[in-house]
1. Measure off 7 Å from each Cα along the Cα-to-Cβ vector at residue 171 and residue 78, then give the distance between these two points in nanometres to one decimal.
2. Can you work out the PRE-style zone for residue 238? Point 7 Å along Cα to Cβ, and I want the residues of the stretch 150-193 with backbone N under 11 Å.
3. For labels at residue 87 and residue 44 in the simple 7 Å Cα→Cβ model, what's the distance in nm?
4. Just order 157-165, 42-50, 218-226 by mean Cβ neighbour count inside 10 Å, highest at the front, would you?
5. Amide H to amide H under 5 Å from residue 169: which residues, 5+ apart in sequence or cross-chain, H placed 1.01 Å off N in plane?
6. Let me know the whole percent of all Cα-Cα pairs from the stretch 196-236 that are separated by more than 15 Å.
7. Can you check how the C-alpha radius of gyration of the stretch 134-238 compares to 2.2 N^0.38 Å, as a plain ratio?
8. Counting Lys +1, Arg +1, Asp -1, Glu -1, what net charge surrounds residue 172 among other residues with beta carbon under 14 Å of its beta carbon?
Amino acid sequence: MKSKFSNFFWGVVLLLAAAFVLTNKFIGFADIGIGSIVITILALAFIVQCLARFHIAPLVIPIAVLYFIYRDRFDLPEIQTWKLIAATVLAFVGLNILLPKRRGHNHCNNFGGSGDQQKRLPAEGNKDNNPYVGVNFGNISRSLNADSLETVRLSCNFGAMEIYFNQVELSPNGAVADITCSFGGIQLFIPKHWQVIDRMNCTLAGVNIKSFTAPADNAPRLTLNGSVSMGGVEVKYI
């Protein structure tokens, strides 16, 4: 039921965005630009959905986007772009740490999550050694289940993602996490005896690996590949 409502909600939002793009020249917003108008509508819809579901941390992302679009139009205080991005990432991570977690790791709230994408998520209890998890304009919390994980593909755009590896065994040769993240935040919860190797490409973003003890040389190895732009990836050992 929630999935149907989410699809209905975002379908209506996109239809309204299309109508607004076609009529905006008659109602005084033509100078903003079609791209900015569409992003504004999507950001506002994302804010409404987050508030309705009491997801507070992701709110900083659309708020930062709206500020970036309208700071000149409304003569808002000037904040350098890199500072705005850094503040957004820090606020997102900080709120995720401070606010109570909503358990149930298979929760998914995903704009753009087609039925195709949903089928790629393994059912509860099933093992998948090459899973894919994606979210656009939403948030997802997922527990992976694998007996010989080889690769995991993660895609997060304008959203938030939590991935738990506590039910995962890596392949003897290790595993690769192929990550694509733009305007979003990803948290990876990794068994404390694993070794994590960072090979990410970052653009106005960062990767934070919180390790308290050095893993053994022969520890299971997870390599982070891919790119993150205007967002953040955080690794937490559990």
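1. 5.2 nm
2. 162-168, 188-192
3. Spacing of the two 7 Å Cα→Cβ label points: 2.3 nm.
4. Per-residue mean Cβ counts within 10 Å order the peptides as 157-165, 42-50, 218-226.
5. So residue 169 has HN proximity to 146, 147, 148, 149.
6. Cα-Cα pairs of the stretch 196-236 separated by over 15 Å account for 44 percent.
7. Normalised by 2.2 N^0.38 Å, the Cα Rg of the stretch 134-238 equals 1.00.
8. With Lys, Arg at +1 and Asp, Glu at -1, the neighbours total -2.
Readers should treat all values here as calculations from the given coordinates under stated rules, not as data from a laboratory. Keep in mind the model is a prediction, meaning the values are calculated, not measured. Positions of Cβ are backbone-derived with ideal geometry, glycine not excepted, and every protein chain shown enters the neighbour counts.
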